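For reference, the structure is listed below as structure tokens.
The values are calculated or read from the model by the stated rules, or taken from the named source; none is laboratory data. As the structure is a prediction and not an experimental result, all values here were calculated from the model. Because the Cβ atoms are built from the backbone with ideal geometry, glycine has one as well, and the counts that use them run over all protein chains shown. When the accessible area is computed, the model is the full protein with side chains, heavy atoms only, and any ligands, DNA or RNA have been set aside. Shrake-Rupley method; radii C 1.70, N 1.55, O 1.52, S 1.80 Å.
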There are 2 protein chains.
Amino acid sequence: MATPIDFYFAFASPYGYFAAEKIEVFAAKHGRAVTWRPTLLGAVFKVTGGKPLPEWPLKGDYSKHDMQRSARFHGLPFKLPTPFPVGTVSACRAFYATPKDKQPALAKALYRAYFVDGLNIGEIDTVLKIAGSLGLKPDLADSSLKEKTKSEVEASIARGVFGSPYIVVDNEPFWGIDRFDQLERWLAKPF
Amino acid sequence: MATPIDFYFAFASPYGYFAAEKIEVFAAKHGRAVTWRPTLLGAVFKVTGGKPLPEWPLKGDYSKHDMQRSARFHGLPFKLPTPFPVGTVSACRAFYATPKDKQPALAKALYRAYFVDGLNIGEIDTVLKIAGSLGLKPDLADSSLKEKTKSEVEASIARGVFGSPYIVVDNEPFWGIDRFDQLERWLAKPF
């Protein structure tokens, strides 16, 4: 069996959401499993000097338009939420508190809550409610969970992750859902 | 006849070079002409707060790798030049000094000189030599040419251009060669 695809993403990232909706079918087609690895762009931006898309002059307006068009292009439901973006440390902690086999379902539920239903996943109560709907009861105040989440985020930065989605296949990195075309060719045969 | 595609690009942009090599065949396939519109990212970055790709932590290293892989993906010759990037105001002026029918040939010659042959198109003499090889003798010191170039760059920023390539079709903007898939679908039928 080939090694799994490492799928890094941020819960406040629309392009991460699009990727999350597509990656499992995509990976399965190429005989790969997916390791889901949420990270925090706030921590990433401290290292890179980056900032959320809406804060960039010109690029911010373009991006909001592009997110909506990209959703239509990929055939996915999408509504730009307010507020956008939000801090997603609670969402991340809920994910890392969850058994591996239920992590993908929780990730997709959180994404859909935010980008389809417009729920504020920056709020702890909302995260707990979404987790609860899947039968999960994460203790988000647990200190070892906080440490685990922090170390996962630090590991993503050490791996070079600077945006979302960011996919690594056999040490080859692909940033953005718009690299799925190159990723697909790579999975068939490295070039 | 449908309106032409507005093709904004910067001469120091590898992704602009890839787009320049593909856009004419691409546009012709959809019954469109192309209006080539070089701009200056230095002026753009003053407005957006952006900076050249190599200067970004993490993203800089990724980008250098991605440029080379993208060249292979698109089947184009490419060698990351040194120095990179360079200022391209002389290249821009040479372009705007040139009759419309010869502009695309000059743009492609400048791009290939920089990204295939490794010539420094930041230097006036190199720009003049490349123009000369096409039978062109632009007067780069001409003050009305400087004004023309400046106003074209300002117009690009007023249009919302924040990166390269940036393509506008019937007021619909597409940033990046990785939006050619959406652009292609849009040309067939707006969605």
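Of note:
- The lone criterion from (1) of a type in the set (A, V, I, L, M); (2) in contact with a Phe, Trp or Tyr (Cβ under 8 Å, 6 or more places away or on another chain); (3) not in a helix (DSSP H, G or I) left unmet by residue A:2 is number (2).
- Qualifying position, being of a type in the set (Phe, Trp, Tyr) and within 14 Å of another protein chain (Cβ to nearest Cβ), among A:56, A:36: A:56
- Residue in segment B:65-88 that is touching a Gly at 6+ places or on another chain (Cβ under 7 Å), within 12 Å of chain A (Cβ to nearest Cβ) and either closer than 30 Å to residue B:139 by Cα or modelled with pLDDT of 95 or more (or both) present: no
- Of all residues in segment A:154-191, those that are touching a residue at least 40 places away in the same chain (Cβ under 8 Å) and outside any helix (DSSP H, G or I) total 11.
- Residues within segment A:108-126 that are farther than 15 Å from residue A:10 by Cα and surrounded by fewer than 17 Cβ atoms within 10 Å (Cβ to Cβ), tallied: 6
- Inspection of segment B:94-108 finds a residue satisfying the criterion of being of a type in the set (Asp, Glu), away from chain A (no Cβ under 14 Å) and in a helix (DSSP H, G or I).
- For segment A:127-139, the set of residues classified as crowded, with 19+ Cβ neighbours inside 10 Å and either under 25 Å from residue A:45 (Cα atoms) or out of contact with any helix residue (DSSP H, G or I) (no Cβ under 7 Å at 6 or more places or on another chain) (or both) consists of A:127 only.
- Hey, residue B:105 open to solvent by 70 Å² or more (accessible area, probe 1.4 Å) and aliphatic (A, V, I, L, M) or not: no
- Residue list for segment A:143-191, restricted to those being in contact with a Pro (Cβ under 9 Å, 6 or more places away or on another chain), facing another protein chain (nearest Cβ under 7 Å) and of a type in the set (A, V, I, L, M, F, W, C): A:162, A:175
- Just one of the listed residues (B:60, B:75) is without any contact (Cβ under 8 Å) to a residue 12 or more places away in the chain and on the phi > 0 side of the Ramachandran plot, namely B:75.
Residues checked against (1) surrounded by 17 or more Cβ atoms within 10 Å (Cβ to Cβ); (2) within 29 Å of residue B:191 (Cβ to Cβ):
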{"site": "A:20", "(1), (2)": "yes, yes"}
{"site": "A:54", "(1), (2)": "no, yes"}
{"site": "A:61", "(1), (2)": "no, yes"}
{"site": "A:70", "(1), (2)": "yes, yes"}
{"site": "A:94", "(1), (2)": "yes, no"}
